[in-house]
Amino acid sequence: TDVSDAFAHAKWLFQWAFAATSSTIMSGAVAERIRFKAYVLLATFLTGIVYSVTVHWVWNEQGIFSNSKAKQDMLFGCGALDFAGSGVVHMIGGFSALWGVIMLGPRAGVTFTEEWPRGKEAPQPQSAIFQSLGVLLLWFSWFGFNGCSAMFIAGEGGDVAARAMVMTAIAGATGCVSSVVISTSVLSQNQILLSSAHNGILGGLVSITACCATVEIEGAFLVGVGSSIFYHLGDQLLLKLQIDDVVNAIPVHGFCGVWGLVATGLLSSRTNYQRTFDPEMASDCCGLFYGCGWAQLSANVVFALTLVVWTAVTTLPLCYLLHSLDMLRVVNLDEQVGMDEVLHFEGNQDTVDLDMASPPRSHRCVLAL
C-alpha cells in the first residue's frame, strides 16, 4: 500500500543517515594523513558490510541480539537493548576508527608526553568557532536521531520520542559540565578547555543514545557523568599507547558507546521499559539498579564485546591490506602541505607547486570530504 511504501522509504532514509554517521566518525580520527581513495573504500566497506550486519543483529526481529523475538530465543531472555545506536552506530564507527588509526600511525610531527596527565604536541585546531557551531548542530540533530527512533511521533510513540529528547538534553548538558570539571580538577588543566566541553557534550549524547527512552531523569544525569569519565579514561589510554586520534573520535564514540550499553543494563527503569518495549518483559529486562537482575546488563555487555571483535576482524584486515600495498597513507610532503591544497585546491596550481617546494608549515589542513 501507499502507506507501507511511505513508511519503508522513511525507514530507509533514517537508516541511511545512521550508516553515514558511522563512517563520518572514522573520518575525524584518520584526518590529515589518509589517502582519499582509501577513505572512500573504507567508508563504503563500513557502511555496506560492517554497519549493515550489525543493524541486522540488533534491529531486525530475527537478529541474534534482537529483543523482539520470543523470550526463549533472546540472549539471556532479553536481547540487547540499544534504542538509537550507542553500539550499532557509535561503537562501530569508533572502534573501526581505532583500527584505522593504529595502522596509519601518528601524524608527522606529533609527539606524546609521558608525565601525568598525558598529552601530545600537535597542530592547533583551525577554528574554535566552527568547532562550537558544529557541536551545537550535532546536539540539535541528536534530538531527531534519538527521538525519531521511536518510529512514530503520535500516540504512545510521541510519549517515547518526547522522553528520549528530554533525556538526550540532560545527558549532553551533564556530560559537558562534568567533563570540564574533570579536566580542570583531576587532570590539573588550569583552563576551561573548549575541547573538554565539546567532547563532553558529544560523549554524553553518545552514551544516552542506547537508553534515552528507558532511563529516568536521574538516570540520564548519571549517564552524562559516567560518559565524561569514560571519555577522559579513553583519551588518556590512547595517549599512553601513542595513538593519534585527531578529534578524539575513539574515546567519544567508542568508549562512551560502551558506557551507553552498560548504563542501559544498569539504569533502564521498569516503567519506561514497559512504555517502550514489550510490557510483559519489563519485570525481567529492566536495569539492574531497578531490581530486574543481570539479564539485560549481561546481554548488553556481550553485545559490546561482540562489536569490538567484529570491527577488529573486518576493518583491521582491510586497513592492513591497504597499508601493505602502500595505499593507506599519503606521502609526507602531501601531508605537510595539506590535503586541501594537494587534492582539492581549485585555484592556481602554481600556488600549490610553490607551497610544496617551500619548507613545511606549522599547520596542516584537514582532509576535505
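The values are calculated or read from the model by the stated rules, or taken from the named source; none is laboratory data. Remember, it's a predicted structure, so these values are computed and weren't measured experimentally. Here the Cβ positions follow ideal geometry from the backbone for every residue, glycine too, while neighbour counts run over all protein chains shown. Keep in mind that these areas ignore ligands, DNA and RNA; they rest on the heavy atoms of the full protein, side chains included. Shrake-Rupley method; radii C 1.70, N 1.55, O 1.52, S 1.80 Å.
Data overview
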{"quantity": "The stretch 178-326: translational diffusion in µm²/s, Stokes-Einstein, Kirkwood Rh over Cα pairs, 10 °C, 1.306 mPa s", "calculated": "96"}
{"quantity": "Area of GLU114 that stays accessible when all protein chains are in place (1.4 Å probe, Å², to 10)", "calculated": "120"}
{"quantity": "log₁₀ of I(q)/I(0) at q = 0.08, 0.11, 0.12, 0.13 Å⁻¹ - the chain, Debye sum with one point per alpha carbon", "calculated": "-0.41, -0.76, -0.89, -1.03"}
{"quantity": "Farthest toward positive dipole pole in the chain [+1 Lys/Arg, -1 Asp/Glu at C-beta], among ALA128, ALA299, ILE217", "calculated": "ALA299"}
{"quantity": "Degrees separating the helix 155-181 axis from the principal Cα axis of the chain, which is the longest one", "calculated": "50"}
{"quantity": "Amide hydrogen neighbours beyond the local backbone of VAL215, cut-off 5 Å, H modeled", "calculated": "SER269"}
{"quantity": "Amide H within-cut-off set for ARG329, under 5 Å, with H built and near neighbours excluded", "calculated": "ARG35"}
{"quantity": "MET167 accessible area, assembled protein chains, probe 1.4 Å, Å²", "calculated": "10"}
{"quantity": "Cα-based Rg of the stretch 1-97 normalised by 2.2 N^0.38 Å, two decimals", "calculated": "1.25"}
{"quantity": "Net charge contributed by nearby residues that have their C-beta within less than 15 Å of LYS37 (K/R +1, D/E -1)", "calculated": "+1"}
{"quantity": "Residue-count net charge about VAL331 - beta-carbon cut-off 12 Å; Lys, Arg +1, Asp, Glu -1", "calculated": "0"}
{"quantity": "C-alpha long axis of helix 2-29 to longest principal axis of the chain, angle in °", "calculated": "40"}
{"quantity": "Reach of LYS69 by Cα under 21 Å, taken over lysines that are not fewer than 8 positions away in the same chain", "calculated": "LYS11"}
{"quantity": "Where PHE221, PHE65 fall by accessible area, highest first, once all protein chains stay in place (1.4 Å)", "calculated": "PHE221, PHE65"}
{"quantity": "Accessible area in square angstrom per residue, the chain, 1.4 angstrom probe", "calculated": "45"}
{"quantity": "Net charge contributed by nearby residues that have their C-beta within less than 14 Å of ASP245 (K/R +1, D/E -1)", "calculated": "+2"}
{"quantity": "Dimensionless Rg ratio for the stretch 16-67, taking C-alpha atoms and the 2.2 N^0.38 Å reference", "calculated": "1.32"}
{"quantity": "For the stretch 89-104, 3J(HN,Hα) per residue [Karplus equation, 6.51 cos²θ - 1.76 cosθ + 1.60, θ = phi - 60°, Hz, x = Gly/Pro]", "calculated": "8, 7, 5, 4, x, x, 7, 5, 4, 4, 5, x, 5, 4, 6, 6"}
{"quantity": "Long-range amide H partners of LYS120 with built H, under 5 Å", "calculated": "THR113"}
{"quantity": "Volume of the Cα convex hull of the stretch 131-259, divided per residue and given in Å³", "calculated": "89"}
